[in-house]
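Student: One structure, as structure tokens, below. Some questions next.
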Amino acid sequence: MNILFLVFMVLITLYPFWHVLVGSIMPYEESIRSTLHLFPRRISFEAYEFVFSKDTIMRSLLVSLFVTVAGTLYQLFVTAITAYPLIKHDLPGRSAIFLFIIFTMFFGGGLIPYYLLIKNLGLVNSLAVMIIPAAISTYNMIVLKTFFQNIPIELEESAKMDGAGYMKIFFRIILPLSVPALATIALFIAVGQWNNWYTPMLFLNDKEIWPLAMVLRDILINNNMELTRGGSFVSEEFMLGDTIKNAVVIVSVVPIIVVYPFIQKHFVKGVMIGSIKS
């Protein structure tokens with residue numbers, strides 16, 4: 001019964017992905033005949049040809065790659081250098097600083113003050129708005145702080161006896177020992193950056209610097225509007241219909257799926273060790 005239940009859950013989990021994949025390689029005429037797609041009768045890559053022929057999509061893909069890589073490295077570094085000092089009991093104001101950071105998990109200034117802040121900082125219509133403001137996640141900082149606390153203090157004491165300072169200890173001992181937690185948090189950050197469409201919707205008016213998630217949102221909305229129009233409106237986008245949507249979704253999902261296997265071995269260990277203090 002356990003095996004049957006788990007197989008059933010796997011099928012339920014995988015079917016949406018399979019539905020989108022099949023829908024992306026299915027001819028438009030076949031896709032409109034039925035809403036349930038298990039196997040395509042005929043395979044067509046017209047939608048992918050259309051997607052990769054558009055400069056907007058390819059440019060947005062490069063933008064997303066840049067924002068994801070730069071944002072992940074930046075946030076990971078800021079999170080680490082924030083979490084490490086907070087494990088030091090001799091840090092002046094340690095409890096107050098930690099409570100101040102926790103406070104941000106429950107209360108915020110609101111959307112309008114946030115927009116005015118970003119505008120006054122000159123980040124509107126700049127890719128930096130997707131990287132700099134999201135410098136740290138309180139949840140990720142707590143996970144990493146807990147992981148740092150599990151590292152034996154004797155390692156630091158031995159390094160201090162050899163003349164190592166805090167910076168050398170941090171970069172030569174703490175970070176190398178924290179690879180599982182860092183890989184886990186990097187995955188959290190990268191997925192969030194890759195799927196972020198809300199920030200560019202608010203602050204990026206120039207379509208030339210839209211990330212892929214924002215372009216995908218724009219395609220879905222505009223395509224739905226076209227499909228509801230009356231008259232004899234016909235275009236290449238209209239004829240491909242949902243096939244384009246499915247193809248763009250697959251293109252946007254594949255990079256994360258490709259990255260995940262490389263850090264999977266660290267994922268469970270990083271979450272468990274960073275969530276439970278020994």
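The values are calculated or read from the model by the stated rules, or taken from the named source; none is laboratory data. Values in this document were obtained by computation on a predicted structure and should not be read as measured data. The area values use the complete protein model at the heavy-atom level, side chains included, leaving out ligands, DNA and RNA. Shrake-Rupley method; radii C 1.70, N 1.55, O 1.52, S 1.80 Å.
Student: So what is the diffusion coefficient of segment 43-146 in µm² per second by Stokes-Einstein at 4 °C and 1.567 mPa s, using a Kirkwood Rh over Cα pairs? Can you show the working numbers first?
Tutor: Numbers: Rh = 16.8 Å.
It comes out at roughly 77 µm²/s.
Student: Residues with amide H under 5 Å of residue 26's amide H, sequence separation 5 or more or different chain, H placed in the peptide plane at 1.01 Å from N; which?
Tutor: 44
Student: Amide H to amide H under 5 Å from residue 204: which residues, 5+ apart in sequence or cross-chain, H placed 1.01 Å off N in plane?
Tutor: For residue 204, whose amide H was placed from the backbone, the distant partners under 5 Å are 125.
Student: Then there is this: For residue 168, what accessible area in Å² do you get when you roll a 1.4 Å probe over the heavy atoms of the protein chains, rounding to the nearest 10?
Tutor: Counting only protein heavy atoms, the figure is 120 Å².
Student: Apply the Karplus curve 6.51 cos²θ - 1.76 cosθ + 1.60, θ = phi - 60°, to the phi angles in segment 147-152 and return the couplings in whole Hz, x for Gly and Pro.
Tutor: Coupling constants for segment 147-152: 5, 4, 5, 7, 6, x Hz.
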